[in-house]
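Below you'll find the structure, written out as C-alpha cells, and then a few comments.
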Amino acid sequence: MSKETPVLSAVDIWKSYGNGATFLSIIRGACIEVTAGEVVSIAGPSGSGKSTFLHVCGVLDPPDKGIVSVGGMDVWSVSESRRAKIRNSELGFIFQFHHLLDEFTLLENVAMPSMLAGNSRKSALDSAAVLLNEVGLSDRGQHFPSESSGGERQRAAVARALILSPSIVLADEPTGNLDSANSTIVEDLIFELAESRNQAFVIATHSVELARRAHRCLTLDEGILSS
Ligand SMILES: Nc1ncnc2c1ncn2[C@@H]1O[C@H](COP(=O)(O)OP(=O)(O)OP(=O)(O)O)[C@@H](O)[C@H]1O
Ligand SMILES: [Mg+2]
C-alpha cells in the first residue's frame, strides 16, 4: 500500500433499517478517511448509529449506498470470499464486552484468530505471547478470563484484535464497561499502540475524555457525521 492510500475510506454511506412504518434512516451520507497511525473517535447520543457505522466500516454489514474501501480496495465490488479475507486480515475489532472465550486462557484467546487463519498452533501462540507482553499481560497468559479483571480482559481483547496485524482496528465502546482507572489503562494502551505500531483505530465512545484524546474527533448526530 502506498503511503498516501488511506487504510479506510468510506464515501457517502447511507444505511437504514426496516421498511414502511418501521423504516429508520440511521446513517445519511457519512464520509470518513483514516490513515495509518491515526486514532479517530466517533461520539454521539445513544442510538445515533455509531455501532451501525462501525459495522459498515468493518465490512460486517453492507451500506444501502456508498463505497467502503480498505487499503484502496472497494470491498463490496469483490467476491464474498475476497471480502471475508479482507475482513479477517485487514480489520480488527474490539467490543464493549471483551467476548473472550471462557474455556481458553488469555494466551489462547489472543492466538485464536491466528489459528483460525490457518497458522500453526506454535506460531500463533508465539505471536500471542509477544502481543500479551506489549499489552502488559506477559505473566497472565495462562490465566482464564474468569480469573482476570475487567481491564485485563479488555487488554487481552486489544491484543486479540491485533494478532493478524490489521491495517485498522474498529473499537465499539472499548472502555464502556470499565471503571475509570481501567479505562485510562486501556486508553493509554490504544494510543501507545497507535504510535508504536502505526496502528489506525476508529473508536465509538461515550467517553468525553477518550473522544478528546483522539487525533480527530467526529460526531454522529441524526445520521450526519461531522467533525
Ligand atoms: N438490526 C437492526 N434492526 C433495526 N434497527 C436497528 C438495528 N440495529 C440498530 N438499529 C437501530 O438503529 C439505531 C442506531 O443504533 P446503533 O446501535 O448504531 O446506535 P449507537 O449510536 O451505537 O448507540 P449506543 O451509544 O447506545 O451504543 C437505533 O435506533 C437502533 O435501534
Ligand atoms: Mg453502539
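Here is a check on your reading of the model: is R87 in contact with a Leu (Cβ under 8 Å, 6 or more places away or on another chain), in a helix (DSSP H, G or I) and either surrounded by 15 or more Cβ atoms within 10 Å (Cβ to Cβ) or among the aromatic types (F, W, Y) (or both)? When the stated conditions are applied, R87 passes them.
Of all residues in the stretch 26-56, those that are out of contact with any helix residue (DSSP H, G or I) (no Cβ under 8 Å at 6 or more places or on another chain), open to solvent by less than 50 Å² (accessible area, probe 1.4 Å) and assigned to a strand (DSSP E or B) total 3.
Would you point out which residue out of L189, L178, L131, L125 is open to solvent by 20 Å² or more (accessible area, probe 1.4 Å), out of contact with any strand residue (DSSP E or B) (no Cβ under 7 Å at 6 or more places or on another chain), among the hydrophobic types (A, V, I, L, M, F, W, C) and away from ligand 1 (no atom under 16 Å from the Cβ)?
L125
If the condition is being touching a residue at least 60 places away in the same chain (Cβ under 8 Å), more than 15 Å from ligand 1 (Cβ to nearest atom) and in contact with a Lys or Arg (Cβ under 9 Å, 6 or more places away or on another chain), then the stretch 8-54 contributes G29, V34, T35, A36, G37, E38, V39, V40.
Scanning the stretch 203-211 turns up no residue that is more than 16 Å from ligand 1 (Cβ to nearest atom), at pLDDT below 95, open to solvent by 40 Å² or more (accessible area, probe 1.4 Å) and not charged (D, E, K, R). Inspect the stretch 148-169 for any residue being outside any helix (DSSP H, G or I), over 11 Å from the mean Cα position of the chain (by Cα) and within 16 Å of ligand 1 (Cβ to nearest atom) and give the result as yes or no. The answer is no, given that none of the residues of the stretch 148-169 is outside any helix (DSSP H, G or I), over 11 Å from the mean Cα position of the chain (by Cα) and within 16 Å of ligand 1 (Cβ to nearest atom).
One residue stands out among those in the stretch 170-184 that are without any contact (Cβ under 8 Å) to a residue 40 or more places away in the chain and either within 29 Å of S69 (Cβ to Cβ) or in a helix (DSSP H, G or I) (or both): the one that is farthest from ligand 2 (Cβ to nearest atom), which is A181.
If the condition is being more than 12 Å from L8 (Cα to Cα) and open to solvent by 30 Å² or more (accessible area, probe 1.4 Å), then the stretch 60-77 contributes L60, D61, P62, D64, K65, G66, W76, S77. Report yes if F97 is of a type outside the set (S, T, N, Q), open to solvent by 70 Å² or more (accessible area, probe 1.4 Å), touching a residue at least 40 places away in the same chain (Cβ under 8 Å) and not in a helix (DSSP H, G or I), otherwise no. Spelling it out, F97 is indeed of a type outside the set (S, T, N, Q), open to solvent by 70 Å² or more (accessible area, probe 1.4 Å), touching a residue at least 40 places away in the same chain (Cβ under 8 Å) and not in a helix (DSSP H, G or I). For the stretch 140-168, the set of residues classified as of a type in the set (D, E, K, R) and touching a residue at least 40 places away in the same chain (Cβ under 8 Å) consists of E152, R153, R160, listed by residue number.
The values are calculated or read from the model by the stated rules, or taken from the named source; none is laboratory data. The structure presented is a predicted model; accordingly, all values stated were derived computationally and were not measured. Cβ sites come from the backbone with ideal geometry, for glycine too, and all protein chains shown count toward neighbours. Heads up: the accessible areas ignore ligands, DNA and RNA and are worked out on the full protein's heavy atoms, side chains in. Shrake-Rupley method; radii C 1.70, N 1.55, O 1.52, S 1.80 Å.
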